[in-house]
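This report refers to the structure that appears directly beneath it.
Computed from the coordinates by the stated procedures, all read-outs in this text should not be read as laboratory data. Please read these numbers as outputs of a predicted model, since none were measured by experiment. Glycine also receives a Cβ, built like all others from the backbone with ideal geometry; neighbour counts cover every protein chain displayed.
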């Protein structure tokens, strides 16, 4: 197991290094510069490049950049918030996005699980069909469509929620974006749970457990669900990552001051430092989530751990 | 199984709890604040640093310059209660209000303006709008200061006493009082700014103003900015609002829903929504003065060293005029852009400036009659094409049209592409090259383009903000990149360009009377139009919705952002 963990950590570290390098290279290849505007003269552009060290040799820029990025010091923004430290810009944005993301994952996982269990237990009934419909819709309709639909129905028509995110009501105004974001998670988890539960319920050991006289919640949760959970944990990781990309659009629709909104703005403005910072943070988050999922695998399912050790992986 | 029913019940119940707990009041502007929609974040609250309209708009509620515009667009004193100018029109003296205070209680002094003007052209500070000081206002010594030859103390500004501010210019500036409205010339409380260090302008605690409103909620790139009435403002009893709230909403659909839901009192709407709202009594078109036009690269030895035949073809006047007359500008404005924008058969936008007799520039020179032979006309365009084809010995042309990746610009470019195809019966084609805005500007600045759809917004209320663009200094295309809006016409038509330069210089050195100067600038426009130096397309206006009970907002097309100090909400 130790070897397995060490290996995963090693891979994660190397991946981060590669990302840092690729990011730098990509920013160099990006057309234009942060200082292009109808109104800027050549002399001014030169002076600005000098001010921000963009006229230094590439390798100097690269080492400076690696050193700072490793310390999570992203420097200042050139365009979006002139001369203001990116860490300051992120101070409130990261918690906001994280909170809404976590809400969406929790809501998605809980509702998805419940739906999946109901569908499996009520196999081939109305409830099962309903779950299938929800799953198909949730997987195939993008989150921004849900976002707009919910915005229109619950905020505009019914007036139950504020239309836009406000800091005065951070929870209430984050409910609609949470649901919009979690639809995909709900659908995927429900689908997986249903399939896994059906498989488990059909298995011989469930027959054994039932014949031993165990029934009700104990049967479902302790014996069926636990076994069904393993594959579900594996999809949860990628789903969390999916939420991050979904948030790029959903944050725009609800005017949420989060990381996604900042990232889209930075790319459009050629704000090098901010783009690098956001991409880096997203990548690190992705890597951490995948790492956790990999490690959880081993913890939840001894078979995986043992198989990996056997094959010398 | 019973368990399933129970689970279903739990699920439904929890959904209901969530929705009922959320059952609250329907939002509505019931307080005495105006809720304003902006579609980009504020990039900086530092007036010498900001360069975008959104930042300027918020700043101007918080800080006031020497002068401003009244509701009719005339210059009035704000921080300056009076001013005088010397005989030679070079030295301006402004008397600062005795009752002007910063929000921390400091008086607004002449030194605050000295600091502001010096900061603007200080090469260490490196303001992107430094050229407003050294190239537009032409403050004495500003070029040397900007180029690092002289210390900023050598700049021609001084505090005669605590409340008397004096500026000396290199050349007379007929639009001086319009320039001093501009944010780049707003005062700076340097002592306070220094005490904040690098945190200046990042929160209400680290910001200082002297305008009708004060900052109460702000953080960098935030989505909500709250301003309250400033009780220390000299005219505080005239400010009827309790404050303003700005909401950054980038999605047009969300914004319109928020407006309908009374969460916004003022929303900017885009072309896709104009059709739906144009008959609404709350619909308004505001004159913006961005001129969108096609810049044609006539190339020169510096750029292409004769390797690109297309830019060579574009040196042909008949061909440029053929292009100019080949697309229906009315259709671009009314059918493609559809946001209240208007066709531009001219260079100086409507609402840019008033002639000495008080008429708007577009009433003074009626483009439809004066530039009749520049208007859209398919038959004439084809004749011009035939003439050009004969002169060049080429019958088919294929140009690359560079356009930025926003929807509106792409739609316009695609429409023009279709019109060229139709007018010239397939002999003149353009293919589009779509790039990000930054990349387009980089390419155009490097002269690496054939035709580009680009724009220019005015910096002050005087035609010179456009005229100047095509003087030979700005008109050339060099491979080391200077402004390219003139596409190098000075090389194509050197004599005419020299004549143009002389006219521009005469407008700047104070040798002409106001009327003569105005007429000279009109002659300059005529030269640009008749020689198809640029091919105008449309004047960008903004369509917006404003609640019927919100009164007294003052909109200005030029230089000066929207003014809320006299606005009120009718009960």
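General remarks:
- The calculated 222 nm mean residue ellipticity attributable to helices in chain A amounts to -24500 deg cm²/dmol, summing -39500 (n - 2.57) over DSSP H runs of n ≥ 4 and dividing by all residues.
- Ellipticity estimate at 222 nm from DSSP helix runs (n ≥ 4, -39,500 (n - 2.57)) divided over chain B, nearest 500: -9000 deg cm²/dmol
- Prolate/oblate/rounded call for chain B, Cα gyration tensor, a/c under 1.5 rounded: oblate
- Each peptide among A:133-140, A:208-215, A:244-251 gets the average number of other Cβ atoms lying within 10 Å of its residues, and from highest to lowest they stand as A:244-251, A:133-140, A:208-215.
- Packing-based ranking, highest mean first, of A:56-68, B:282-294, B:446-458, A:178-190 given that Cβ atoms within 10 Å are counted: A:178-190, B:446-458, B:282-294, A:56-68
- Percent antiparallel among DSSP beta bridges (both partners in the protein assembly as shown, rounded to 5): 75
- DSSP beta bridge pairing in chain B, given as percent antiparallel to the nearest 5: 75
- Principal-axis analysis of the Cα atoms of chain A puts helix A:259-269 at an angle of about 40° to the longest axis.
- Per-residue packing, averaged as other Cβ atoms within 10 Å, sorts the ranges A:18-28, B:537-547 into the order B:537-547, A:18-28, beginning with the highest.
- Partner shielding of A:156-162 amounts to 6, given as the average count of beta-carbon atoms from other chains within 10 Å of each residue beta-carbon.
- Per residue of B:256-268, other chain Cβ atoms within 10 Å of the residue Cβ number 3 on average.
- Helix axis angle, A:42-51 relative to chain A longest principal axis, alpha carbon, degrees: 60
- Taking every residue in A:85-92 and counting other chain Cβ atoms within 10 Å of its Cβ, the average works out to 3.
- Acute angle (nearest 10 degrees) that the helix A:272-300 long axis makes with the longest principal axis of chain A, alpha-carbon atoms: 20
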